[in-house]
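Notes follow once the structure below has been shown.
The values are calculated or read from the model by the stated rules, or taken from the named source; none is laboratory data. Just so it is clear, the structure is predicted and the values come from calculations on it, not from any experiment. So basically every Cβ, Gly included, is an ideal-geometry build from the backbone, and we count neighbours across all protein chains shown. Each accessible area value is taken on the protein alone, full model and side chains, heavy atoms only, with ligands, DNA and RNA left out. Shrake-Rupley method; radii C 1.70, N 1.55, O 1.52, S 1.80 Å.
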Amino acid sequence: MEQLLEQIRKQAGEALDSCADLKELDELRIKYLGKKGELTAILKQMGGLSPEERPVMGQRANEVRAYIEEKIKSRMDELGKKALEMRLAQETIDITIPGRRQQMGGLHPLSIVTEDMISIFQSMGFDVVDGPEIETDYYNFEALNLPKDHPARDMQDTFYIAENILLRSQTSAAQVRVMETRKPPIRIICPGRVFRSDEVDATHSPVFHQMEGLVVDRGITMCDLKGVLEQFAHEVYGPETQVRFRPSFFPFTEPSVEVDVSCSACGGTGCKVCKGAGWIEILGAGMVHPNVLRCCGIDPEVYSGFAFGIGLDRITTTRYKISDIRLLFENDVRFLEQFQ
Ligand code: PHE
């Protein structure tokens, strides 16, 4: 039996030394120490020994068991460490690999221009207001000194939803709403979408954008109008830009003007952008008609004001030298990406 024990000790020792992983180690533990293991089998034979031999062999067997247990424990530590090292090596992250760039969205050029213009007017003390895109005939025309049969309505043929309900053809509709609800001094701008039943081409679209401006106070004159709009034009197009006021007509302003700026593409000599004119028309404006003030409950004997309507699409196309207004509405990402 002693020999047998020694043989088990030796075999187990060698097997444990050469075992390669934790799984194999566990199999060896069962093989030698398990209930049906080799050492257990020998201990079961102890009953057949003489009383003198039994304690001696018992002690031997315990030594062998302790030896194997100790060996298993130390191998377990070693193999565990090895397994961990292997896992760490496999999971290593190469922090020098360049990252994948995130595709960033950007603002639409019209939004960029609108926001720039809002901040120009805000710095001059204007509030930003919003007006509805679906309007009544009253706000879009009637209250702006355009009675039902007025011939100037032809210039702004729009889309009707019902008899007196339409898509606004001009942000001027917001003027009336503001004057009805605020007392002078009034200083507002109202950017937004407007609609006209125009055929689509390179310079026309049935949907486009305007920014209305309105100032009403005591003693407002045409000089204030000129000063504000000149300042605005210089901030948008640069201080060297020339500004030209041409007499014009709008039913809700008197006198009325159209404002041109010298073409920023050619400096005024004439090119494709300005169609050879050297000038680009950017807005309509004028002194608020006394009829409009009166209609909104403001006494024209006490107060006066000026209003303007800027074409945002025109400002955008000239600023970025975009040759076709349709590009602003088609939303081709290859076009839009250029403004990020
Ligand atoms: N609403 C006019 C247009 O759409 C522009 C304008 C606004 C003119 C305010 C004068 C004053 O053509």
Per-region count, the range 10-23, residues part of a helix (DSSP H, G or I) and in contact with a Leu (Cβ under 9 Å, 6 or more places away or on another chain): 4
Within the range 139-186, considering residues that are closer than 18 Å to residue 291 by Cα and aromatic (Phe, Trp, Tyr), the one surrounded by the fewest Cβ atoms within 10 Å (Cβ to Cβ): 139
Qualifying residue in the range 68-78 (condition: part of a helix (DSSP H, G or I) and either modelled with pLDDT under 85 or over 17 Å from residue 29 (Cβ atoms) (or both)): no
Meets criteria (part of a loop (DSSP other than H, G, I, E, B) and open to solvent by 50 Å² or more (accessible area, probe 1.4 Å)) for residue 55: no
Cross-chain or 6+ apart pairs with Cβ under 7 Å, the range 314-340 first and among the basic types (Lys, Arg), then part of a helix (DSSP H, G or I) and open to solvent by less than 90 Å² (accessible area, probe 1.4 Å): 319/113
Criterion violated by residue 253 - all others in (1) open to solvent by 10 Å² or more (accessible area, probe 1.4 Å); (2) farther than 25 Å from residue 116 by Cβ satisfied: (1)
Listing of helices (runs of 4 or more DSSP H) fully contained in the range 256-340 that carry 1 or more residues being surrounded by 15 or more Cβ atoms within 10 Å (Cβ to Cβ), within 16 Å of the ligand (Cβ to nearest atom) and under 34 Å from the mean Cα position of the chain (by Cα): 312-319
Complete set of residues in the range 216-225 that are in a strand (DSSP E or B) and open to solvent by 10 Å² or more (accessible area, probe 1.4 Å): 217
Pairs with Cβ under 6 Å, 6+ apart, first in the range 4-24 and under 20 Å from residue 60 (Cβ atoms), second in a helix (DSSP H, G or I) and among the charged types (D, E, K, R): 5/60; 8/38; 16/71; 16/75
Criterion: within 40 Å of the chain's Cα centre (by Cα), open to solvent by 100 Å² or more (accessible area, probe 1.4 Å) and not charged (D, E, K, R) - qualifying residue of 95, 112: 95
Some residue of the range 237-253 being under 30 Å from residue 340 (Cα atoms), in contact (Cβ under 8 Å) with a residue 24 or more places away in the chain, more than 13 Å from the ligand (Cβ to nearest atom) and β-branched (Val, Ile, Thr): no
Residue that is nearest to residue 300 (Cα to Cα), among those in the range 228-250 that are part of a strand (DSSP E or B) and open to solvent by 60 Å² or more (accessible area, probe 1.4 Å): 249
Residue within the range 195-211 that is away from the ligand (no atom under 13 Å from the Cβ), open to solvent by 20 Å² or more (accessible area, probe 1.4 Å) and not in a loop (DSSP other than H, G, I, E, B) present: yes
Filter pass, residue 101 being at pLDDT below 90, under 41 Å from the mean Cα position of the chain (by Cα), open to solvent by 80 Å² or more (accessible area, probe 1.4 Å) and not β-branched (Val, Ile, Thr): yes
Pairs, first open to solvent by less than 60 Å² (accessible area, probe 1.4 Å) in the range 116-131, second in a loop (DSSP other than H, G, I, E, B), C-beta under 8 Å, six or more apart: 131/168; 131/171
Close pairs (9 angstrom Cβ cut-off, 6 or more residues apart or separate chains): in contact (Cβ under 8 Å) with a residue 60 or more places away in the chain and among the β-branched types (Val, Ile, Thr) in the range 266-290, open to solvent by 50 Å² or more (accessible area, probe 1.4 Å) and within 16 Å of the ligand (Cβ to nearest atom) anywhere: 288/254
Qualifying residue in the range 130-140 (condition: out of contact with any Ser or Thr (no Cβ under 6 Å at 6 or more places or on another chain) and farther than 17 Å from residue 168 by Cβ): no
